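Read through the structure below, which is laid out as structure tokens, and then see the notes.
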Amino acid sequence: MADRVTVIGWDGSPLTAAAGAALSAATLVAGAAHHLALPEVPPRAERIRLGSVDLAARRIAGHRGSAVVLADGDPGFFGVVRTLRAPEHGLEVEVVPAVSAVAAAFARAGMPWDDAQVVVAHRRTLRRAVNVCRAHPKVAVLTSPGAGPAELALLLEGVHRTFVICEELGSEREQVTVLTSDKVADHAWRDPNLVIVLGGSGHGVPAPGWIAGRDPAPPQSVRGWALPAHEYGELGAGETADLRAAQLARLGPRTGDLVWDIGCGSGALAAEAARFGAAVIAVDADKAACARTEALARRFRVQLHVVAGRAPHVLESLPEPDVVRVGGGGAAVVSACADRRPERIVAHAATRDEAEAIGAALAEGGYEVECALLQSVELDTSVWSERERSVAFLLSGRRGERSP
């Protein structure tokens, strides 16, 4: 095992005394090509081009001497430290950090970043990173080859955002470019790069916060979920608070998800799914319903992409969903949604015949079907008498877990 492993962050500035001393004593140095070309790397040290960190860690574990791993920015922030410290490698590391690429990018942009979401985009997680950009007004995206600025912009089609693209931070070739998202795919971008994605409602100078990233419940927000009708104004027959609560429980929207709310009505469920941190596309054929949904999004300060159109035809151009709530359209719309293979589909019906048709559509689509008859009675507590009664069949379809 290596006698000592030091991980040194590099941000283009001169190495600190501690980093310089560790590097000068190294008998093995691992890093990218531009790290290994640094003049401070000892000429007699064994050099490892850092591709797979796991492979490098195994080489380091078998080395007798002092090893140094060079990495861009802060190696403890989405960096190599996690892999090097994995139990299978048995390495104890000392870290000499530098300014992280995220901090450097926001510094170049002259913006605070305590209120930003930070995500990593590679081929496997690109979709989820894009969904975070849909759902939040300020996101830093650590990109990778095949999951860079152009790919982000293409998947955000129809959603206006501003991209601050920072290429090769800390090097002599550093460049910062600001473009609207519709122009980004027209360019070729150099690696490594980082993208700050800005826009949507809530973009501006926020009040000082108390938690990094998205505040899950800002002080001005209404406490609770499945809020009563008076919080939303006009609600349809399928939008009662109890039904919404049951639908949200079965959908389980979360950060990185894309939710389709088809037949969004007032926008109550769409807004609440967005409050969980999910990206939401709300669809309705009624333009007045679309306008109400947009107004509700502004009131609750959440990001919603509202699409006016009739399902199932309008669904063909929408990006792939993770979970779907069908508020209108019946079995035909449920079948169209099942063809897109979301993880979960939730719908409701007013009659048993309609419920059986929706259940059959889910089963034919390969989903495990659950159905419950929900009855809720609102009471006037001043006299403890019945004020309003609602009955609905709640159907949910679930398939196996999908990869990110």
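Each reported figure results from applying straightforward, stated rules to the coordinates on display, with no laboratory input. Values in this document were obtained by computation on a predicted structure and should not be read as measured data. As a convention, Cβ positions derive from the backbone with ideal geometry for all residues, glycine included, and neighbour counts pool all protein chains shown.
Before moving on, here are some points about what is shown:
- Sorted peptide list for 78-87, 281-290, 35-44, criterion being average Cβ within 10 angstrom, highest first: 281-290, 78-87, 35-44
- Principal axis extents of the C-alpha atoms in region 196-348 (largest first, rounded to whole Å): 48, 36, 28.
- Local electrostatic count, Ala56, Cβ distance below 12 Å [Lys/Arg +1, Asp/Glu -1]: +2
- Projecting the alpha carbon convex hull of the chain along each direction and taking the average yields 23.5 nm².
- In terms of its C-alpha gyration tensor, region 258-333 comes out oblate, because a/c is 1.5 or above while a/b does not outweigh b/c.
- Fraction of alpha-carbon pairs over 20 Å apart in region 127-188 - percent: 20
- Pair-distance profile P(r), taking every C-alpha pair of region 43-165, with 10 angstrom steps and integer %: 11, 35, 29, 18, 6, 0
- Shape call, region 103-248: gyration tensor on alpha carbons, a/c limit 1.5: prolate
- Shape of region 288-388, Cα gyration tensor, a/c cut at 1.5: oblate
- Length added when fully stretched, Phe78-Arg399, from 0.36 nm per residue minus Cα-Cα: 112.4 nm
- For Leu374 and Ala217, the difference between the fully extended length at 0.36 nm per residue and the C-alpha to C-alpha distance is 53.6 nm.
- Efficiency of FRET between Ser13 and Asp191 - r from beta-carbon atoms, R0 30 angstrom, step 0.05: 0.90
- Two numbers describe the Cα atoms of region 164-274: Rg and Dmax, which are 19.8, 62 Å.
- Spacing of the two label points (7 Å from each Cα toward its C-beta) at Arg341 and Glu388, in nm: 4.1
- In terms of the mean number of neighbouring beta-carbon atoms within 10 Å, the peptides 8-17, 226-235 order highest first as 8-17, 226-235.
- Length gained when the stretch Glu354-Leu38 is fully extended (0.36 nm per residue, less Cα-Cα span): 106.8 nm
- Highest to lowest packing among 171-177, 131-137, scored as the average C-beta count within 10 Å: 131-137, 171-177
- Summarising the label geometry, the points placed 7 Å from Cα in the beta-carbon direction at Thr180 and Ala285 lie 3.2 nm from one another.
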